[in-house]
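In what follows, a single structure is set out as structure tokens and then discussed.
The values are calculated or read from the model by the stated rules, or taken from the named source; none is laboratory data. It should be emphasised that the depicted structure is a prediction, and the values quoted were computed from it without experimental measurement. Backbone-built Cβ (ideal geometry, glycine too); neighbour counts: all protein chains shown. Keep in mind that these areas ignore ligands, DNA and RNA; they rest on the heavy atoms of the full protein, side chains included. Shrake-Rupley method; radii C 1.70, N 1.55, O 1.52, S 1.80 Å.
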Amino acid sequence: MKMRNMILAMLLFITGCNPDFLDLKRDKSQVIPQSLKDLDALLNDYATINVGAGKSLGTIAAGEFYVEDNTWNMASSELQKLAYNWSDGILDVEENVPDWNNAYKRVLYTNVILERLDQMQASNQNADYNRIKGSALFIRSDAFFNLAQQFAAPPGLPEWDRFGIPLKLESDINLMTTRSTVTQTYNQIIKDLLSAIDLLPSRSEDVYSPNKVAAYILLMRCYMQLGDYEKSLDCAIKARAIGGVLLDYNTISGTKAYPFPTYGKGNEEIIYLDGSNSANFFSKTKTLIPMEFYNSYDDNDLRKKLFFEKDAKGNILYKGSYLGNATYFVGYAWDELLLNEAECAIRLGRYDKGINVLNELLSKRFITGKFQPIADVSQQQALALVLLERQKELFLRGIRWSDLRCLNREQGHVVILKRNVNGQEYKLLPNSARYIFPIPKEVMLKSDIEQNP
């Protein structure tokens, strides 16, 4: 009962006031976790920690799906509509932004945990202490990374380096919030992840708790954003030493409405579970998949029937979330680690190694006996293959938006996104300012933060 009341009180402080981060009010006298058990209870608040990851705007804008005009016209969120067609008008929208609020809610939880741990006696620094501290550092890093993918400029653009995110490292939200640079943002995330890796268990007892492998994958994401493929590959090697499982898609039935195990239970490929926010356009019947992309899967590729189905009109619908329901899985899984490893190896000139890793993945995705291993390809061909397979394997996993921001740096791999809404064509050009979503209006009113371009 004590833990439940503590969590309810935390939620009241967060949701009982204006939902925007800088307007959250918190009375420290009412919520003071007293023990490691109390802090663990905060980490086990599934509705906050494992749902609503804050990736909906990037997923909407990444061009992986389309919606019919009527769906777009009837959408209640103007923010989501303008994210869908990459409109400059998004800068003028005054609307609650769950991608921002949910992420900073996680940051608040973790800051409370970290501050309380610092106040505890050294004698309490046992395995549970270390696990809780490592988990809090990982969850805060994950939140900061997700925020950076949407509300900060991409790395490598000096003229936009000042557009980082607010790095909130204290639980007192009344402190004046300032904006960090992009460089400072990634430095903080990497610093915290390196500390988390030293504290976390190698693997977790369940898919809802952080572990070293999840931290290594997030560290890989950071290094890949920064173009440091050597360090990213080193993370893969260390995660491989711990071990993981690649799901054999031959063991999954494609006849179910949602083929994969509900809430990830029994899916050994999942390293750490996280679910996306809801959005107007996220629906099994509204989210339509381009036929050209669907046809890019070989008929012997089991992903074609496990990820997709056709409706009565012949539209392609998505059903392949690792959450086993309509909510998109945006967590961490072994397949992403293999794709990261393969891409980094290829980029570093070790393309035979990279192709071997890619073959390892694909051998579990095709009908048994039907997969022909990739061989005798150049580095350029190998990179093209791994980038395509990355897009196909990690479909609607909240990763494509980050990948596009990386690819924009490379002349040979830039992507121009196009959509048609009500007869008008819209485009998102490489390195456009629309690759950065605006800071919420309410936050701008209560701080000196400069708005995004």
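Take Q149 and tell me if it is assigned to a helix (DSSP H, G or I) and over 20 Å from G58 (Cβ atoms). Write out each step before concluding.
Working: assigned to a helix (DSSP H, G or I): yes; over 20 Å from G58 (Cβ atoms): no.
Against the criterion (assigned to a helix (DSSP H, G or I) and over 20 Å from G58 (Cβ atoms)), Q149 does not qualify.
Do we find that S363 is of a type in the set (S, T, Y), open to solvent by less than 40 Å² (accessible area, probe 1.4 Å) and within 30 Å of V245 (Cβ to Cβ) in this structure?
No.
So, of the residues in segment 243-275 that are farther than 19 Å from S363 by Cβ and among the hydroxyl-bearing types (S, T, Y), which turns out to be least open to solvent (accessible area, probe 1.4 Å)?
So, considering only residues that are farther than 19 Å from S363 by Cβ and among the hydroxyl-bearing types (S, T, Y), the one least open to solvent (accessible area, probe 1.4 Å) is Y272.
Among the residues of segment 76-92, count how many are surrounded by fewer than 19 Cβ atoms within 10 Å (Cβ to Cβ) and either among the aliphatic types (A, V, I, L, M) or free of Cβ contacts under 8 Å to residues at least 60 places away in the same chain (or both).
4
Can we say G164 is open to solvent by less than 10 Å² (accessible area, probe 1.4 Å) and in a loop (DSSP other than H, G, I, E, B)? Give the derivation first.
Working: open to solvent by less than 10 Å² (accessible area, probe 1.4 Å): yes; in a loop (DSSP other than H, G, I, E, B): yes.
Judged against the criteria, G164 is a match.
Filter segment 33-59 for residues that are charged (D, E, K, R) and assigned to a helix (DSSP H, G or I); which is least open to solvent (accessible area, probe 1.4 Å)?
Going residue by residue through segment 33-59, those that are charged (D, E, K, R) are 37-38, 40, 45, 55.
If we keep only those that are assigned to a helix (DSSP H, G or I) as well, we get 37-38, 40.
On the way: K37: 141, D38: 3, D40: 34 Å².
Applying the filter and picking the extreme gives D38.
Taking R405, is it of a type in the set (D, E, K, R), closer than 30 Å to E269 by Cα, open to solvent by 20 Å² or more (accessible area, probe 1.4 Å) and in contact (Cβ under 8 Å) with a residue 40 or more places away in the chain?
Judged against the criteria, R405 is not a match.
If I filter segment 329-342 for residues that are open to solvent by less than 10 Å² (accessible area, probe 1.4 Å), more than 25 Å from V245 (Cβ to Cβ) and either of a type outside the set (F, W, Y) or not in a loop (DSSP other than H, G, I, E, B) (or both), do I get at least one hit?
no
Looking at segment 304-313, can you tell me whether even one residue there is closer than 21 Å to E68 by Cβ and open to solvent by less than 10 Å² (accessible area, probe 1.4 Å)?
Yes, segment 304-313 contains at least one residue that is closer than 21 Å to E68 by Cβ and open to solvent by less than 10 Å² (accessible area, probe 1.4 Å).
So for segment 121-130 (the condition being small (G, A, S) and closer than 30 Å to A75 by Cβ), does at least one residue qualify?
no
For residues that are part of a loop (DSSP other than H, G, I, E, B), of a type in the set (G, A, S) and within 26 Å of F145 (Cβ to Cβ), tally how many sit in segment 386-420.
Summing the residues that are part of a loop (DSSP other than H, G, I, E, B), of a type in the set (G, A, S) and within 26 Å of F145 (Cβ to Cβ) in segment 386-420 gives 1.
Could you please let me know if L383 is at pLDDT 95 or above, not β-branched (V, I, T) and not in a loop (DSSP other than H, G, I, E, B)?
So L383 fits the description; yes.
Give me the pairs, please: first residue somewhere in segment 278-304 and farther than 28 Å from L57 by Cβ and assigned to a loop (DSSP other than H, G, I, E, B), second residue anywhere and at pLDDT below 95 and open to solvent by less than 40 Å² (accessible area, probe 1.4 Å), beta-carbon distance under 9 Å, and either six or more positions apart or on two chains.
L302/G254
If the requirement is being closer than 25 Å to L317 by Cβ, of a type in the set (A, V, I, L, M, F, W, C) and either in contact (Cβ under 8 Å) with a residue 40 or more places away in the chain or open to solvent by 50 Å² or more (accessible area, probe 1.4 Å) (or both), which of these qualifies: A62, A127? Walk me through it before giving the result.
Numbers: A127 fails: closer than 25 Å to L317 by Cβ.
From the options A62, A127, the qualifying one is A62.
Inside segment 427-453, can you point out the residues that are open to solvent by 50 Å² or more (accessible area, probe 1.4 Å) and outside any loop (DSSP other than H, G, I, E, B)?
Listed by number, the residues that qualify are K427, K441, E442, L445.
Taking segment 62-86 as the region of interest, how many residues are aliphatic (A, V, I, L, M) and in contact with a strand residue (DSSP E or B) (Cβ under 7 Å, 6 or more places away or on another chain)?
Going through segment 62-86, the residues aliphatic (A, V, I, L, M) turn out to be 62, 67, 74-75, 79, 82-83.
Of the ones still in play, those that are also in contact with a strand residue (DSSP E or B) (Cβ under 7 Å, 6 or more places away or on another chain) are 67.
Going through segment 62-86 one residue at a time, the tally reaches 1.
Please indicate, with yes or no, whether at least one residue in segment 372-392 is over 17 Å from E343 (Cα atoms), open to solvent by less than 50 Å² (accessible area, probe 1.4 Å) and touching a residue at least 12 places away in the same chain (Cβ under 8 Å).
Within segment 372-392, not a single residue is over 17 Å from E343 (Cα atoms), open to solvent by less than 50 Å² (accessible area, probe 1.4 Å) and touching a residue at least 12 places away in the same chain (Cβ under 8 Å).
If we keep just the residues of segment 204-242 that are assigned to a loop (DSSP other than H, G, I, E, B) and touching a residue at least 40 places away in the same chain (Cβ under 8 Å), which is surrounded by the fewest Cβ atoms within 10 Å (Cβ to Cβ)?
Ranking the qualifying residues of segment 204-242, first place goes to G227.
Looking at segment 243-257 only, could you name the residues that are farther than 25 Å from G369 by Cα and touching a residue at least 60 places away in the same chain (Cβ under 8 Å)?
A257
I need every pair where a residue in segment 162-187 that is modelled with pLDDT under 95 has its Cβ under 8 Å from the Cβ of a residue that is open to solvent by 10 Å² or more (accessible area, probe 1.4 Å) and of a type in the set (G, A, S), sequence separation at least 6 or different chains.
Between residues of segment 162-187 that are modelled with pLDDT under 95 and residues that are open to solvent by 10 Å² or more (accessible area, probe 1.4 Å) and of a type in the set (G, A, S), the close pairs are M176/S447; T177/S447; T178/S447.
Among the candidates I173, I190, I139, which residue alone is part of a helix (DSSP H, G or I) and surrounded by fewer than 21 Cβ atoms within 10 Å (Cβ to Cβ)?
Answer to the check: I190.
If I filter segment 108-146 down to residues being more than 30 Å from G58 (Cα to Cα) and of a type in the set (G, A, S), which single residue comes out as farthest from the chain's Cα centre (by Cα)?
S123
Looking at (1) more than 20 Å from the chain's Cα centre (by Cα); (2) modelled with pLDDT of 95 or more, which is the one condition that is false for T255?
(2)
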